[in-house]
1. Working carefully through the options M24, M38, M50, find the one that is among the aliphatic types (A, V, I, L, M), more than 30 Å from E213 (Cβ to Cβ) and in contact with a strand residue (DSSP E or B) (Cβ under 9 Å, 6 or more places away or on another chain).
2. Among the residues of segment 75-101, which ones are of a type in the set (A, V, I, L, M, F, W, C) and in a loop (DSSP other than H, G, I, E, B)?
3. Can you go through E126, E29, E108 and tell me which one is within 21 Å of I6 (Cβ to Cβ), over 16 Å from the mean Cα position of the chain (by Cα) and among the acidic types (D, E)?
4. Out of I116, I137, I129, report the one residue that is more than 27 Å from V201 (Cα to Cα) and crowded, with 17+ Cβ neighbours inside 10 Å.
5. How do the pairs read when you match residues in segment 1-19 that are modelled with pLDDT under 95 and surrounded by fewer than 16 Cβ atoms within 10 Å (Cβ to Cβ) with residues anywhere that are part of a loop (DSSP other than H, G, I, E, B) and not β-branched (V, I, T), using Cβ under 7 Å and keeping only pairs 6 or more apart or on different chains?
6. Checking the condition surrounded by 17 or more Cβ atoms within 10 Å (Cβ to Cβ), of a type in the set (S, T, N, Q) and touching a residue at least 12 places away in the same chain (Cβ under 8 Å), which residue from T61, T79, T101 passes?
7. Does I217 fit the bill of being farther than 30 Å from R100 by Cβ and either small (G, A, S) or touching a Lys or Arg at 6+ places or on another chain (Cβ under 9 Å) (or both)?
8. Restricting attention to segment 8-30, does a residue exist that is of a type in the set (D, E) and in contact with a Lys or Arg (Cβ under 8 Å, 6 or more places away or on another chain)?
Amino acid sequence: MASKYIAPSVLAADFANLQRDIEMINNSEADWFHIDIMDGVFVPNISFGMPVLRDIAKHATKTIDVHLMIVDPDRYIKTFADLGSNILTVHYEACTHLHRTLQAIKAEGMKAGVAINPHTNVNLLEDVINDIDLVCIMSVNPGFGGQSFIENTYKKVTRLKEIITQNNAGTLIEIDGGVTNKNAKKLIDAGADVLVAGSFVFKSENPTHTIKELKEIIKV
């Protein structure tokens, strides 16, 4: 497996041709499927729900990385495991008892991720970093695709990498939002391991080639 990963965001795919776009990811150099679940409450938008995820999982041949942008995610942990999620990421801001939530995710056989909004300080994760398999740093405000990248993200990645190293944790750092060929290398150099790319991939003329280009850029 590659040490650095590209995870195309299915939210940016053509929903009228979803199977085609899933097959494109399967046949590309992408490593993961990144799937955003939004409830219209935690974020001001609604994306697809359980039936669509189930159908994506049926066709996907790669790791399914599910990002829950929802309130009270604990209610659905088992459901998302049953639907085929390999990684389940919950928002720090949506979890009152984060440690318990992480344990519940792992108990269902999934890797446990924590996402943090642009205003949330990475230092807040230090006490549970050894329980987190992946931290998803939001580099845009969550809820909508196609937003521009928040420059403070690099500083957050560097600080989070320090926390991971100091605690001998195996946590991966994922960046979600505004990732392009212009900032991919700088993010990897700062310490990122996984780059989520949505609009940049799916709005390009040749998504397969765009994924290949990102993979070339992040090779270490």
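1. M50
2. Of everything in segment 75-101, those that are of a type in the set (A, V, I, L, M, F, W, C) and in a loop (DSSP other than H, G, I, E, B) turn out to be L83, C95.
3. On inspection, the qualifying residue turns out to be E29.
4. I129
5. From segment 1-19, the pairs are A2/D31.
6. T101 is the lone residue from the list that is surrounded by 17 or more Cβ atoms within 10 Å (Cβ to Cβ), of a type in the set (S, T, N, Q) and touching a residue at least 12 places away in the same chain (Cβ under 8 Å).
7. Yes.
8. Within segment 8-30 (the criterion being of a type in the set (D, E) and in contact with a Lys or Arg (Cβ under 8 Å, 6 or more places away or on another chain)), the answer is yes, since at least one residue qualifies.
The values are calculated or read from the model by the stated rules, or taken from the named source; none is laboratory data. Quick caveat, the model's predicted, so the values are computed rather than measured. With ideal geometry, Cβ positions are generated from the backbone for all residues, glycine too; neighbour counts draw on all protein chains shown.
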